Each structure stands twice: as structure tokens, then as C-alpha cells.
């Protein structure tokens, strides 16, 4: 042990210089500033499950964990459509959810945008149109963007939300 301590004392503290700020952090700060400058507040999203298998919801929950830091970007999910700027809709529209989805869409104040999340929301997926399903979201309410995948990854969901928010800001 004394040998190790003598070596530490003779050499001194050797450290690397601190790393430069990562480009990812600059992009995150830029996106946060752009969202806050555009809306003056956080981008508020109301998520609606129109009849999905919950695969997309699991990915949305993963998106809300600290790794992606959604709140740090200025994006948050809200419980009321009256507080939302956007609707994030998953699953094919079941016949039982048609009225609820239309009423939720009507409750979101203008300007608003709708994102269809997942293959089922985009085109009906494996469920398609049947006696129990009206198929894709666009059959019931207007859709501004779709994020495909079964289920889409959290990063692709984040990219889709940011792309629509930036397009809407112009």
C-alpha cells in the first residue's frame, strides 16, 4: 500500500481535460428554445387510445422516462384535451371509441394537430376495417402526421413529435 501511495504522491493527479459540450445537448437546448419561443410554454399533448393493443402505449411510457427527458425538451402529456396543443392517437378506431375520439378532437383548442401513432393508427394495421373497427384514425378525424412502426421506438416517436411541432411552428 505504501508503494502505491508513494507513486501517487510522486506522479500527482492526472486527469483528462473536461469534454466539450456534446452536440446532442446543443440540439436539445435549441429544440427546447424553439418550442418555448413558438408556443410561449410547453408543448402539451393529449394521448388517446382508440383501440390499440397497448404496444404503442408502452413505448410512450418509455419515452416519458428520464433517459429521453421529454419534460426537459418542453414537451409534456396532459390529462385534459382542453389543455392540449396536439393529440397523439394510437390504435385503429374501434366503433365504441368513435364518438369519444371526435369529442376529444373537438375539445382541443385551435391551432391543433393530430399525430397517428403506430401502424394501426396509420392504416388500420392487422385489424383493418371490420364490424368492430373503422380502421385508421384519418377515417374519423383529420391527421397531420403519422409515425409508423409496430410499435414505433421511443426515439422515432420523439422525432415525429418534434417534426410536426417544427412544421406547425412555421
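Between helix 98-107 and the chain there is an angle of about 60 degrees, using the helix long axis and the longest principal axis of the Cα atoms. Once Rg and the Kirkwood radius are both taken over the C-alpha atoms of the range 78-138, their ratio Rg/Rh works out to 1.00. Ordering 75-81, 134-140 by mean Cβ neighbour count within 10 Å, with the highest value first, yields 134-140, 75-81. Calculate, in whole percent, how much of the Cα-Cα pair population of the range 40-156 lies beyond 22 Å. The proportion of pairs with Cα distances above 22 Å equals 29 percent.
In the chain, the longest principal axis of the Cα atoms and the axis of helix 154-169 are about 70 degrees apart.
Quick note: the coordinates plus some simple rules give every number you see, no bench work behind them. Keep in mind that what you see is a predicted model, and the values were worked out from it rather than measured. FYI the Cβ positions are ideal-geometry reconstructions off the backbone, even for glycines, and counts take in every protein chain you see.
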